[in-house]
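Shown below is the structure under consideration.
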Amino acid sequence: MRVVLVGPPGAGKGTQAQFIASHLSIPKISTGDIFRANVSGGTELGKLAKGFMDRGDLVPDEVTIAMVRDRLAEDDAQEGFLLDGFPRNVAQAEVLKKMLTDFGTGLDLVLELVVDDDEVVRRLAGRRTCRSCGKVWHVDFDPPKAEGICDACGGELFQRDDDREETIRHRLEVYQEQTAPLVSFYADEGILRGVDATGPVEEVTQRAMSELRRFAD
Ligand SMILES: [Zn+2]
């Protein structure tokens with residue numbers, strides 16, 4: 001199966017991508033992994049991308065797209081794949097559609113992890129990071145024995161700027177702006193399925209799998 005996974009920050013997308021891909025025995029293809037592989041492998045595209053990243057610039061769409069195309073052409077992706085982090089916008093979605101048409105295939109399903117903003121804030125804003133060892137705790141879901149102190153090393157816990165409520169709300173707004181058109185693009189194509197991403201990780205995976213099975217039947 002050829003699947004795209006989308007979801008807001010804090011929806012557990014990386015974890016779900018891993019689980020779903022392994023249930024389906026298809027490779028999980030994330031743009032982060034592709035970037036790292038190209039950079040560490042010293043490919044031409046990797047060198048190009050690294051130049052932008054070293055200067056603190058965004059890697060241009062054409063470079064990302066060329067990397068995705070190369071990755072989708074590899075042997076292990078011929079029977080299916082799960083894309084995570086691509087496409088990010090409608091322009092990329094159109095490129096992907098064209099790319100797959102060239103390969104003689106197309107996407108089967110797009111799964112959207114659905115979780116409301118307050119739940120994302122609760123998950124992320126409760127995180128506390130140890131200054132000494134970097135371990136991440138959560139005030140509700142994984143609290144240390146003594147408040148503000150790391151169980152593992154006794155270090156002081158703090159809230160990273162990324163985990164502050166204002167920052168999270170801003171990231172969610174940016175996500176909505178970018179992703180809402182992408183989601184309606186796939187809804188129009190008739191291949192979008194929403195998956196309730198609240199509750200335990202295994203239950204979310206099961207919901208995603210039942211959508212995929214329903215499609216396969
Ligand atoms: Zn620690």
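The values are calculated or read from the model by the stated rules, or taken from the named source; none is laboratory data. From a predicted model like this one, the values you see are computed outputs, not experimental measurements. Methodologically, a virtual Cβ is constructed for each residue, glycine included, from the backbone with ideal geometry; neighbour enumeration extends over all protein chains shown. Side chains included, ligands, DNA and RNA excluded: accessible areas come from the protein's heavy atoms. Shrake-Rupley method; radii C 1.70, N 1.55, O 1.52, S 1.80 Å.
Relative contact order of segment 140-217, please, whole-number percent, based on alpha carbon pairs below 8 angstrom and at least 6 residues apart.
In percent, rounded to a whole number, it is 11.
Still on this structure, I have one more. What does the charge dipole of segment 52-110 about its Cα centre add up to, to the nearest 20 debye, if the Cβ of each Lys and Arg holds +1 and the Cβ of each Asp and Glu holds -1?
Roughly 240 debye for segment 52-110.
Taking R0 as 45 Å, what's the FRET efficiency between residue 33 and residue 153 from their Cβ-Cβ distance, rounded to 0.05?
0.90
Something else: Tilt of helix 44-54 relative to the longest C-alpha principal axis of the chain, in degrees (0 to 90, nearest 10)?
30 degrees
Something else now. How high is the relative contact order of the chain, in percent, with contacts defined as C-alpha pairs under 8 Å that are six or more residues apart?
The value is 27 percent.
Excluding residue 25 itself, calculate the net charge of residues whose Cβ lies under 12 Å from the Cβ of residue 25, where each Lys or Arg counts +1 and each Asp or Glu counts -1.
Residues close to residue 25 contribute a combined charge of -1.
Hey, got the dipole for the chain? About the Cα centre, +1 on K and R Cβ, -1 on D and E Cβ, debye to the nearest 20?
Approximately 440 debye in magnitude.
Is there a quick way to get the dipole size of segment 135-187? I mean about its Cα centre, with the Cβ of Lys and Arg at +1 and of Asp and Glu at -1; what is the value in debye to the nearest 20?
The dipole magnitude comes to about 140 debye.
Still on this structure, I have one more. Top mean-square fluctuation among 55, 69, 123, Gaussian network model of the chain, C-alpha springs under 10 Å?
Comparing 55, 69, 123 in a Gaussian network model of the chain, the most mobile one is 55.
Got a sec? Charge dipole of the chain, +1 on Cβ for Lys and Arg, -1 for Asp and Glu; which of 176, 21, 190 is way out at the positive end?
Value computed over the given set: 21.
Oh, and also: Pairs of lysine in the chain with Cα under 24 Å and at least 8 positions apart or on different chains: total?
Lysine pairs satisfying the spacing and distance rule in the chain number 8.
Keeping all protein chains in place, calculate the accessible area per residue for segment 118-217 (probe 1.4 angstrom), answer in Å².
For segment 118-217, the per-residue accessible area is 60 Å².
Mean residue ellipticity at 222 nm from the helices of the chain, using -39,500 (n - 2.57) per DSSP H segment of n ≥ 4 over the full residue count, to the nearest 500 deg cm²/dmol?
-16000 deg cm²/dmol
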